[in-house]
Amino acid sequence: MERKQVGIVIFDDVEILDFCGPYEVFSAVRLDEPQRRETLSPFNVQLVAEHLNPITTTGGMVVQPHCSFANCPDLDILLVPGGWGTRIQINNNVLLEWLKSRSKSAEVVASVCTGSMVLGFAGLLDGRRATTHWRSLAWMAESLTAVKVQSDKHFVVDGHVFTSAGISAGIDMSLKVVERYYSRSIAEATARHMEYPYPASDARRIVL
């Protein structure tokens, strides 16, 4: 089986569930559910950072990246999580240029929460529909005028670009990526294994 390569970008003050939620989804997928213990996920997930130094997340968890920008393998799926650290990363030209370069060959480009702001500042959401955490919708609308902000959506799919609302919404979005690659039945089986409700709708769950 040729596994799809997933790169999840991490940085200091990244929100924990923003990257751990998608990591769990992609690593939990099985194409043969009865052989779950004997088989691998069709997705190979790696945490990518600018450097190989340990990352301190929001909440104080310390995480070791698998690879750096310099030695990251080719990626099929490129995902940027959010968190307070995005306020610094939107001005990190090294990251923005790396995202621009890697997005050209990625089959799917995705973000969770304010990770969409990073994609936006890299110019990767221009002319597209997108969303973010409900607290940051006004920031997105004011800062990224070329983006069609979707305030009523839990996750948004525009071509090969997936964006989601805050934190737990990244799980729902990742399940939709799994559905795109391997069918709804596989995605639903993954959600069931996680004891997580498969998203029946893309409507935002928080009342604004």
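The values are calculated or read from the model by the stated rules, or taken from the named source; none is laboratory data. From a predicted model like this one, the values you see are computed outputs, not experimental measurements. Cβ coordinates were reconstructed from backbone atoms using ideal geometry, including for glycine residues, and neighbour counts include every protein chain displayed. Each accessible area value is taken on the protein alone, full model and side chains, heavy atoms only, with ligands, DNA and RNA left out. Shrake-Rupley method; radii C 1.70, N 1.55, O 1.52, S 1.80 Å.
A few comments on the model shown:
- Flag if V149 is touching a residue at least 40 places away in the same chain (Cβ under 8 Å), among the aliphatic types (A, V, I, L, M), open to solvent by less than 60 Å² (accessible area, probe 1.4 Å) and over 20 Å from L47 (Cβ atoms): no
- Residue list for the range 28-45, filter: of a type in the set (A, V, I, L, M, F, W, C) and open to solvent by 50 Å² or more (accessible area, probe 1.4 Å): L31, L40
- Per the conditions (1) within 17 Å of W84 (Cβ to Cβ); (2) surrounded by fewer than 21 Cβ atoms within 10 Å (Cβ to Cβ); (3) polar (S, T, N, Q), the sole criterion not satisfied by T132 is (2).
- The range 46-92 - residue that is part of a strand (DSSP E or B) and open to solvent by 50 Å² or more (accessible area, probe 1.4 Å) and, of those, farthest from C113 (Cα to Cα): V62
- Residue within the range 94-105 that is among the aliphatic types (A, V, I, L, M), assigned to a loop (DSSP other than H, G, I, E, B) and closer than 15 Å to G7 by Cβ present: no
- Conditions (1) at pLDDT below 95; (2) out of contact with any Ser or Thr (no Cβ under 9 Å at 6 or more places or on another chain): number failed by P54: (1)
- For the range 13-25, the condition holds for no residue, the condition being that it is at negative phi, surrounded by fewer than 18 Cβ atoms within 10 Å (Cβ to Cβ) and without any contact (Cβ under 8 Å) to a residue 24 or more places away in the chain.
- Residue list for the range 98-127, restricted to those being surrounded by fewer than 20 Cβ atoms within 10 Å (Cβ to Cβ) and more than 19 Å from N71 (Cα to Cα): E107, G123, D126, G127
- Boolean, F155 is closer than 26 Å to M1 by Cα and among the aromatic types (F, W, Y): no
- Flag if R102 is in contact with a strand residue (DSSP E or B) (Cβ under 7 Å, 6 or more places away or on another chain), among the basic types (K, R) and under 21 Å from S164 (Cβ atoms): yes
- Given (1) closer than 18 Å to G83 by Cα; (2) buried (at least 16 other Cβ atoms within 10 Å of the Cβ); (3) out of contact with any Ser or Thr (no Cβ under 8 Å at 6 or more places or on another chain), number of the condition A138 does not satisfy: (2)
- Some residue of the range 14-33 being at pLDDT below 95 and either out of contact with any helix residue (DSSP H, G or I) (no Cβ under 9 Å at 6 or more places or on another chain) or not in a helix (DSSP H, G or I) (or both): yes
- Residue that is nearest to the chain's Cα centre (by Cα), among those in the range 26-39 that are more than 24 Å from V109 (Cβ to Cβ) and touching a residue at least 12 places away in the same chain (Cβ under 8 Å): R30
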